Amino acid sequence: VEVKIEVVIPEKERSKEEMSPNGKASPLIYKVNGTARHYHLEEHPIASNPYHNPKDVVEASVCHVKDLENGQMREVDLGCGKALLIKESGEFHAVGHKCPHYGAPLVKGVLSKGRVRCPWHGACFNIGTGDIEDFPGLDSLPRFQVKIEKEKVYIRASKQALQTQRRTKMMAKCISLSNYNLSSTNVLIIGAGAAGLVCAETLRQEGFSDRIVMCTMDRHLPYDRPKLSKSMDSHPEQIALRPKEFFCTYDIEVLTEMQVAAVDVKSKIAVFKDGFKMEYNKLLIATGNTPKTLSCKGKEMENVFNIRTPEDANRVVKLATSKNVVIVGASFLGMEVAAYLAERAHSVSLVELEHVPFKKFFGERVGRAVMKMFENNRVKFYMQTEVSELREQEGKLKEVVLKSGKVLRADVCVVGVGAVPATGFLRQSGINIDSKGFIVVNKMMQTNIPGVFAAGDAVTFPLTLRNNKKVNVPHWQMAHMHGRIAALNMLAHGTEISTVPYLWTAMFGKSIRYAGHGEGFDDVVIQGDLDELKFVAFYTKSDEVVAVASMNYDPIVSKVAEVLAAGRTIRKRDVDAVVFLSFRTGDMSWLTGKGT
């Protein structure tokens, strides 16, 4: 028996003249087309011979059929690129070997029930189609055809597909553009972060071809916001989620530096700060949050920053180089900024009200281990105190005075003391908002107003993992999924969210992965060595594991995420067995089935 793998790739992009009827001009030229659903897909069905250029094709023998058992994956080299060969339930599949998000090797990920989960950040891909099924990231994997002949496995692949290792799903375009007008749209998306962009892309992937307008207070097209604190010197074009041409090609309009001041849900009109009004049929609110500021004297002076934009991050790096930096708040943002600046600044001081960083999120023991890592990298902590005053000299920040009486030299101050949902403009709208300012939605991301959806950091929603408890999960991955679920239900698919929260943080070249929702945990079971920063921590509540975190223990978090996604329960007494089976032996059979 012989296995052949043949790459199936989408047709190359058309010429610029064919890309989009509205070209690169301002998109404000459309008129709403009711609720009609048109299906005008950009890609074409796969032809019997997907290779237009025979010189672009490579074929190589990579292994025998019996080399792979059911449930195994193998990264195979074709000389000019690699593919991921998978065997599950007696069938072979082949897809790209790198996660399109940040390039993680999927062979080190988790294979379970027809999908592979990234070991780094938890994105999931269907092994039969290559389609992305859970996030983060926007693109799917290239899918390769598998043929069995004799006793060898061959892969026949396009060199281009092997090099790109990503595939954009089929999308529709907006049709009858000349019939649209300036002040109305079928879908209006307020906010251009991950939730807003994924919503727009999902609509196009599902064949929706009416007008889509995204508006944002930002001056940039959607970008990878987590990198603002992890890679602070990145320029906007380097962290853009999609290039400008993408939005033109698929007629997704983005209105930058446009703030919505109010929403009239009865008339279905959004009123912008400058007085402009736009009528909509469906609305997604994905405004995210607004950073909290300090309340002390001097908070408005120069060189005091909230990291909100690429310009903020770039400015901080420039001003902090060889200078004294004070960071207020041991939040994820504060800690990541401290780690990034530690080698660049003359000194980095971190002020925090708690006695241990991340205590509420990771627990005291993990928090202390992380704190020790920072101290070993020249970061000085001032715990259980607050800022009482910021002092200036010649109009610029000079000192940070703490309530403990300590005075810190400071040329730059970064504030990371949390955030509040950016929903103030909705107070009189009739949209249900809770006491903390979060928009309340159901599992389909619907608000209490028909046709109005909400997603991302500004919402609370029922989390399946925690018995449908209403929670706020301000994670990058979750924002992606919110956007997708909202789009599907704008099209009346009736899809409910059931994803497992997944996040990561990066500091000093090390990453902590986290899956689940550990709010209110009452115990932490730790395996490994905290001093060596090689550990996995299980967070439990009433004997049930509700979350897991790890450092240098991949892919344990992704494996536990798959267990939780399957609806299974891990008990505190089972933690030793879970670690042994999944990490030390590599046995994945315990992932199958339901129950405990």
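The values are calculated or read from the model by the stated rules, or taken from the named source; none is laboratory data. Model, not experiment: these values are computed from the prediction. All Cβ positions, even for glycine, are placed from backbone atoms using ideal geometry, and neighbour counts span all protein chains on display. Protein only, heavy atoms only, side chains kept; ligands, DNA and RNA dropped before computing areas. Shrake-Rupley method; radii C 1.70, N 1.55, O 1.52, S 1.80 Å.
Which FRET efficiency value, to the nearest 0.05, is calculated for residue 277 and residue 389 with the Förster distance at 41 angstrom and r the Cβ-Cβ distance? All intermediate terms of the calculation are to be shown ahead of the outcome.
Values: r = 44 Å, r/R0 = 1.08.
E(calc), rounded to 0.05, equals 0.40.
Each residue of region 245-253 in turn: what ³J(HN,Hα) in whole Hz from Karplus with 6.51, -1.76, 1.60 and θ = phi - 60°, glycine and Pro shown as x?
So the Karplus estimates, Gly and Pro as x, are 4, 4, 5, 5, 4, 9, 6, 9, 7 Hz.
No partner Cβ under 4.7 angstrom, meaning no disulfide-compatible partner by this rule: which Cys of the chain qualify?
63, 80, 124, 174, 199, 215, 248, 296, 413
Tell me what the chain gives for mean residue ellipticity at 222 nm when only DSSP H runs of n ≥ 4 count, each as -39,500 (n - 2.57), the sum divided by the residue total, rounded to 500 deg cm²/dmol. Working shown, then result.
Working: 12 runs with 99 residues, N = 596.
The helix contribution divided over the chain gives -4500 deg cm²/dmol.
Leaving ligands, DNA and RNA out of it, work out the accessible area of residue 175 with a 1.4 Å probe and give it in Å² to the nearest 10.
Counting only protein heavy atoms, residue 175 exposes about 40 Å² to solvent.
With a 1.4 Å probe and every protein chain kept in, tell me what percent of the accessible surface of the chain is carbon plus sulfur. All intermediate terms of the calculation are to be shown ahead of the outcome.
Details: 11870 of 25640 Å².
The C+S portion of the solvent-accessible surface of the chain is 46 percent.
Test of understanding: what is the full-extension gain from residue 77 to residue 148, defined as 0.36 nm times their sequence separation minus their Cα-Cα distance?
Working: separation 71, 0.36 × 71 = 25.56 nm, distance 1.82 nm.
Taking 0.36 nm per residue and subtracting the Cα distance, the gain is 23.7 nm.
With respect to the cross-link table entries 169/244; 277/470; 380/406, which display a Cα-Cα separation exceeding 22 Å? Could the numbers behind the result be given before it?
On the way: 169/244 18 Å; 277/470 33 Å; 380/406 13 Å.
Checking Cα-Cα distances, 277/470 exceed 22 Å.
Pop the C-beta distance of residue 496 and residue 58 into the FRET formula with R0 = 56 Å and round what comes out to the nearest 0.05. It would help to have the intermediate numbers written out before the result.
On the way: r = 43 Å, r/R0 = 0.77.
It comes out at approximately 0.85.
From the P(r) of the chain, could you give the percentage of C-alpha pairs in the tail past 40 Å? Before the final figure, lay out each step's value.
Details: 55501 of 177310 pairs.
Looking at the chain, the distances longer than 40 Å represent 31 percent of pairs.
Go through 324, 247, 283 and say which Cα lies farthest out towards the positive end of the charge dipole of region 237-384; charges sit on Cβ, +1 for Lys and Arg, -1 for Asp and Glu.
Value: 324.
If you scale each eigenvalue of the Cα gyration tensor by 5 and take the root, what three semi-axes come out for region 303-369, rounded to whole angstrom and sorted largest first? Each step should come with its number before you reach the end.
Values: eigenvalues 107, 32, 18 Å².
The answer is 23, 13, 10 Å, longest axis first.
What ranking of 539, 340 comes out by heavy-atom accessible area, probe 1.4 Å, highest first? Please list the in-between numbers first.
Details: 539 0, 340 30 Å².
From most exposed to least exposed: 340, 539.
Hey, got the dipole for the chain? About the Cα centre, +1 on K and R Cβ, -1 on D and E Cβ, debye to the nearest 20? Write down the numbers at each step before the final one.
Details: 79 positive and 68 negative charges, 91 e Å.
The calculated dipole for the chain is roughly 440 debye.
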